[in-house]
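Notes follow once the structure below has been shown.
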Amino acid sequence: VSVAAVLVNAVLNVVLARLFGYRGLALGTSLAALFNAAGLLWLLRRRLDGLDDRRILTSFSRIAIASLAMGAAAVLIERLLSQWFAGDAFLSQAFRLALTIAFSLVVLGAGAHVLRIREFREAIALVLKRSGSGA
């Protein structure tokens with residue numbers, strides 16, 4: 001599956017970079033990652049003689065909604081910050097990027113909380129547990 005995903009990634013990156021420039025690279029890499037995940041999920045389903053498809057679909061839907069909200073927030077805040085803090089200087093760009101990432105993560109966290117995404121809560125709990133233990 002990984003070898004196929006690498007090949008899909010290479011083909012998509014070449015094609016999409018020609019169509020969309022550097023943005024095509026991000027899109028191609030994302031689509032290849034989805035291809036990889038779908039292939040691994042298919043193999044896992046075969047190995048385990050099925051999965052809880054309803055739970056997976058519900059989680060995927062919630063995560064997709066939270067991700068779309070985060071993406072929309074990122075676009076919005078980046079556009080606003082580009083107007084408020086215009087300029088191509090490195091520090092201006094770094095400042096805008098840092099604020100965009102921070103705001104986007106807050107929106108993702110809020111969306112995950114509102115949508116009750118169990119995997120997000122579990123990941124946060126794991127990070128807090130590890131950071132609290134000093135590991």
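The values are calculated or read from the model by the stated rules, or taken from the named source; none is laboratory data. These numbers were taken from a predicted model, which means no experiment stands behind them. Please note: Cβ atoms are built from the backbone with ideal geometry, for glycine as well, and neighbour counts cover all protein chains shown. Only protein heavy atoms, including side chains, enter the accessible area calculation; ligands, DNA and RNA are left aside. Shrake-Rupley method; radii C 1.70, N 1.55, O 1.52, S 1.80 Å.
One table, with the values for the structure above:
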read-out	value
In sequence order, calculated HN-Hα J values of region 39-53 (Karplus, 6.51, -1.76, 1.60; Hz; x Gly/Pro)	x, 5, 5, 4, 5, 5, 4, 5, 5, 8, 6, x, 9, 7, 4
Accessible surface of region 65-135 [probe 1.4 Å, protein heavy atoms]: carbon and sulfur percent	72 percent
Surface share of carbon and sulfur [accessible, 1.4 angstrom probe, percent] for region 1-51	71 percent
Karplus 3J(HN,Hα) series, Hz, for region 104-114 with 6.51 cos²θ - 1.76 cosθ + 1.60 (x for Gly, Pro)	5, 5, 4, 5, 4, x, 5, x, 5, 5, 4
For region 66-71, 3J(HN,Hα) per residue [Karplus equation, 6.51 cos²θ - 1.76 cosθ + 1.60, θ = phi - 60°, Hz, x = Gly/Pro]	5, 5, 5, 4, 5, x
Loop-located trypsin sites (Lys or Arg not before Pro) in region 72-129, at most 15 other Cβ atoms within 10 Å (DSSP)	ARG116
Calculated FRET efficiency for the pair ARG23/GLU122, C-beta based, R₀ 30 Å, to 0.05	0.40
The chain: relative contact order as a whole-number percent, Cα under 8 Å and 6+ apart	19 percent
Structure-based [θ]222 nm, the chain - -39500 (n - 2.57) summed over DSSP H runs of at least 4, per residue, nearest 500	-30500 deg cm²/dmol
For the chain, size of Cβ-based charge dipole, Lys and Arg +1, Asp and Glu -1, in debye	280 debye
Accessible area in square angstrom per residue, the chain, 1.4 angstrom probe	76 Å²
Estimated inter-spin distance, LEU105 and LEU44, nm [label 7 Å along Cα→Cβ]	2.5 nm
Farthest positive-ward along the chain dipole, Cα basis, beta-carbon charges - from LEU51, GLY111, ILE65	LEU51
Alpha-carbon centroids, region 50-72 and region 78-135: separation in whole Å	19 Å
